[in-house]
1. Using a Förster distance of 22 Å, how high is the FRET efficiency between L88 and L15, based on the Cβ-Cβ distance and rounded to 0.05?
2. Using only DSSP helix segments of four residues or longer, with each worth -39500 (n - 2.57), what per-residue ellipticity at 222 nm results for the chain after dividing by its residue count and rounding to 500?
3. Using the Cα gyration tensor of the chain, with a ≥ b ≥ c the square roots of its eigenvalues, what is the shape: rounded (a/c below 1.5), prolate (a/b larger than b/c) or oblate (neither)?
4. Give the angle, between 0 and 90 degrees and rounded to the nearest 10, that separates the Cα long axis of helix 32-43 from the longest principal axis of the Cα atoms of the chain.
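Since every read-out is calculated from the coordinates, none of them should be taken as a lab result. None of these values were measured; they are calculated from a predicted model. Note that we place each Cβ from the backbone using ideal geometry, even for glycine, and neighbour counts take in every protein chain shown.
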Amino acid sequence: MGGNTNATPPVQVLLAGRAAVLVRLTCKSGMRPALLEVLNKYVDRLDEEPGTEFYTLSIDPDSDNLVWLYQVYANDEAQVEHQQAPALAELLPAMQDLLNEPPAILRMSPLRMSLQETILSDNFEL
C-alpha cells in the first residue's frame, strides 16, 4: 500500500469556483470506532451527492477523540445540496450521541490541487 515510487509529474488542477470545508469532530471518550462506522456508512452513499467532488475521512494521530473531514464541492450550490441530502440528514442524528461537542466547521475557497496519480492505483481493501 506504500504507493508507486516512479517519478511521474503530479496532476495539477485549479479549483476556482469550488467550495470546501474542514470539519473537526470531537467524539466522546472511546466512541471513535462507532463514529467512524457511521461516517463510513455515509461515505458509501456519496454517489447520491454528485456535487461533492472530494471527501476525506481522517483520524487524528495525536488524539483518540478527533476525526477530521475535508470536503470539496463543485460550487456553492453543490454545498447547499450536500447540506440538504438525505444521507446527511440520517448521519447527523446518528452522530449526535457520539460527539462531545458540536462539529467545528471551517469554510474555505480552494485554489489549487496537486495529486500524484499513483494514489489512485494503490490497492486498498475496505
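1. Numbers: r = 22 Å, r/R0 = 1.00.
FRET efficiency, L88 to L15: 0.50.
2. Working: 3 runs with 31 residues, N = 126.
For the chain, the value works out to -7500 deg cm²/dmol.
3. oblate
4. Orientation of helix 32-43: about 60 degrees from the principal axis.
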